[in-house]
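Chemist: Got a structure for you, written out below as structure tokens; questions coming shortly.
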């Protein structure tokens, strides 16, 4: 069973349908991997050297448990599908953010932890398949050579390449000794452990690099979107200051002051958080400056609607009503507009346009 593909990206609300599919797939994956780990644990205890596998089994179990804990937290926030936008944004943090477990699992995200757990299980399965009691040295050496080739494909920097070259040299040396008939059981077992550890670390490194590249791309896209939005907010604020009395006193944040997307993961996380803060500030600015302008437009519409009502019921013939309309219209159309005064005068005109009461013979209103 392949690991599920994580939806969305860090800091953005993931669509509910994608979350439902992901959670169901991750539940199946977790159950399958736990069963596989239990099976491998049982097999390792039946080998001639069970202690040689204990560390790898415990490490894989620890990683699986960290994933299980994060999955339980996701299910809790999901709340049987009742998660709102804020909750689904929190779930994106749980999927793409670092695990909060101790040890090495705290250095990776849930997505990376799933990849790493699969790699650990594969390596443990390979080691058990090529245990000295189950296979000969030639088969074990072939497995080591294949693992070294995979490490070469994963290595991307000078340190990793140097490590792979050392492993290759050790493998070639052991192969030469085995060809001469020497006993290589001890060195081969050490090399198998070293290669398995190197491959695991390289898988984590590649996964982290890919995640970092994706996060940097997402951060750059968010920064560009905020920069594109900034001039619109400046124009909105300028218009509000021109057209409204006592406009809000909010500044529009300058996105360019945040600089470029940083290179490291911790810095990218902090950078994205600052971008989110700017995004929330933009929303607050848009609401603060847009509200009085929207209210002024609504008052214009309401005033004309009330005038039509007055024409329909005959109240527009009253000098008082006409005066109330003129006063309200003057307040609404004046620039800058006192929205509070305009609202009061429109409400006053609404009262004036009401139908007059009709009294019966004894003066009682009907």
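The values are calculated or read from the model by the stated rules, or taken from the named source; none is laboratory data. This one's a predicted model, so the numbers in the text were calculated from it and none came from an experiment. Every residue, glycine among them, receives a Cβ derived from its backbone with ideal geometry; neighbour counts consider all protein chains shown.
Chemist: Quick one: in region 168-184, of everything that is surrounded by fewer than 12 Cβ atoms within 10 Å (Cβ to Cβ) and either assigned to a helix (DSSP H, G or I) or not assigned by TED's automatic domain parsing to the domain that holds residue 202 (or both), which residue is nearest to the chain's Cα centre (by Cα)?
Modeler: 169
Chemist: Still on this structure, please answer the following. If we scan region 50-73, do we find a residue that is in the same structural domain as residue 211 (by TED's automatic domain parsing), touching a helix residue (DSSP H, G or I) at 6+ places or on another chain (Cβ under 9 Å), assigned to a loop (DSSP other than H, G, I, E, B) and surrounded by 12 or more Cβ atoms within 10 Å (Cβ to Cβ)?
Modeler: Yes, that holds for at least one residue.
Chemist: So is residue 165 part of a helix (DSSP H, G or I), out of contact with any strand residue (DSSP E or B) (no Cβ under 6 Å at 6 or more places or on another chain), surrounded by 13 or more Cβ atoms within 10 Å (Cβ to Cβ) and touching a residue at least 24 places away in the same chain (Cβ under 8 Å) or not?
Modeler: On the way: part of a helix (DSSP H, G or I): yes; out of contact with any strand residue (DSSP E or B) (no Cβ under 6 Å at 6 or more places or on another chain): yes; surrounded by 13 or more Cβ atoms within 10 Å (Cβ to Cβ): yes; touching a residue at least 24 places away in the same chain (Cβ under 8 Å): no.
Taking the combined requirement at face value, the residue does not satisfy it.
Chemist: Among what's in region 77-100 and is in a loop (DSSP other than H, G, I, E, B) and in contact with a strand residue (DSSP E or B) (Cβ under 8 Å, 6 or more places away or on another chain), pick the residue that is surrounded by the fewest Cβ atoms within 10 Å (Cβ to Cβ).
Modeler: Going through region 77-100, the residues in a loop (DSSP other than H, G, I, E, B) turn out to be 82-84, 97, 99-100.
From the residues that got through so far, the ones that are in contact with a strand residue (DSSP E or B) (Cβ under 8 Å, 6 or more places away or on another chain) too are 97, 99.
On the way: 97: 16, 99: 21.
It comes out as 97.
Chemist: Provide a single number: the residues in region 124-156 that are part of a helix (DSSP H, G or I) and at pLDDT below 80.
Modeler: Number of matching residues: 8.
Chemist: If I filter region 60-88 down to residues being farther than 16 Å from residue 17 by Cβ and in contact (Cβ under 8 Å) with a residue 60 or more places away in the chain, which single residue comes out as nearest to the chain's Cα centre (by Cα)?
Modeler: 86
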